[in-house]
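Structure, as structure tokens:
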Amino acid sequence: ALWRPGARRLKTARPATDGLFSIADLPAGEYYLAGLADLDPKEWQQRPFLEQLVGASIKITMVDGQKVTQDIRIAR
């Protein structure tokens, strides 16, 4: 129900110069973390596309005020 264009729970991030990604200001809840090398800006907020990512994603649960660190590797 929360996967709709413009939703505050859908975020993308690009790597900083040190290769780290950071996403801030997410509300508490369950999230799927996926690393993608190429992303179509028109497609990434569409439910059918997001559903395809679930199986290859890392599930993260966040609580208010919590910081989470997760190592990921993008394979090509």
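With the charge dipole of the chain set up from +1 on Lys and Arg Cβ and -1 on Asp and Glu Cβ about the Cα centre, the Cα lying farthest toward the positive end among the listed residues 32, 10, 72 is that of 10.
Filter the GluC sites (Glu not before Pro) in segment 1-70 to those in DSSP coil with at most 14 other Cβ atoms within 10 Å of their Cβ, and list the result. Walk me through the intermediate numbers first.
Numbers: sites: 30, 43, 51; in loops: 43.
Sparse-neighbourhood loop GluC sites (Glu not before Pro): 43.
Residues whose amide H falls under 5 Å from that of residue 33, counting only those 5 or more places apart or on a different chain, are 58, 59, 60, with hydrogens built in the peptide plane.
Carbon-plus-sulfur accessible fraction, the chain (probe radius 1.4 Å, protein heavy atoms only): 48%. Rounded to the nearest 20 debye, what is the charge dipole size of the chain about its Cα centre when +1 sits on each Lys and Arg Cβ and -1 on each Asp and Glu Cβ? Here the size comes out at about 100 debye. Remark: segment 11-20, residue by residue, has Karplus-estimated 3J(HN,Hα) of 9, 10, 8, 9, x, 6, 4, 8, x, 8 Hz, where x stands for each Gly or Pro and the curve is 6.51 cos²θ - 1.76 cosθ + 1.60 at θ = phi - 60°. Per residue, the chain exposes an accessible area of 85 Å² to a 1.4 Å probe, with every protein chain left in place. Over the chain, the reciprocal of the mean inverse Cα-Cα separation, the Kirkwood hydrodynamic radius, stands at 13.6 Å. Between residue 16 and residue 57, the simple label model (points 7 Å from Cα in the Cβ direction) yields a spacing of 2.4 nm. Look at the alpha carbon pairs under 8 Å that are at least 6 residues apart: their mean separation over the length of the chain gives a relative contact order of 35 percent.
The values are calculated or read from the model by the stated rules, or taken from the named source; none is laboratory data. The structure presented is a predicted model; accordingly, all values stated were derived computationally and were not measured. All Cβ positions, glycine included, derive from the backbone under ideal geometry; neighbour counts span all protein chains shown. Note: accessible area is taken over every heavy atom of the protein model, side chains too, but ligands, DNA and RNA are not part of it. Shrake-Rupley method; radii C 1.70, N 1.55, O 1.52, S 1.80 Å.
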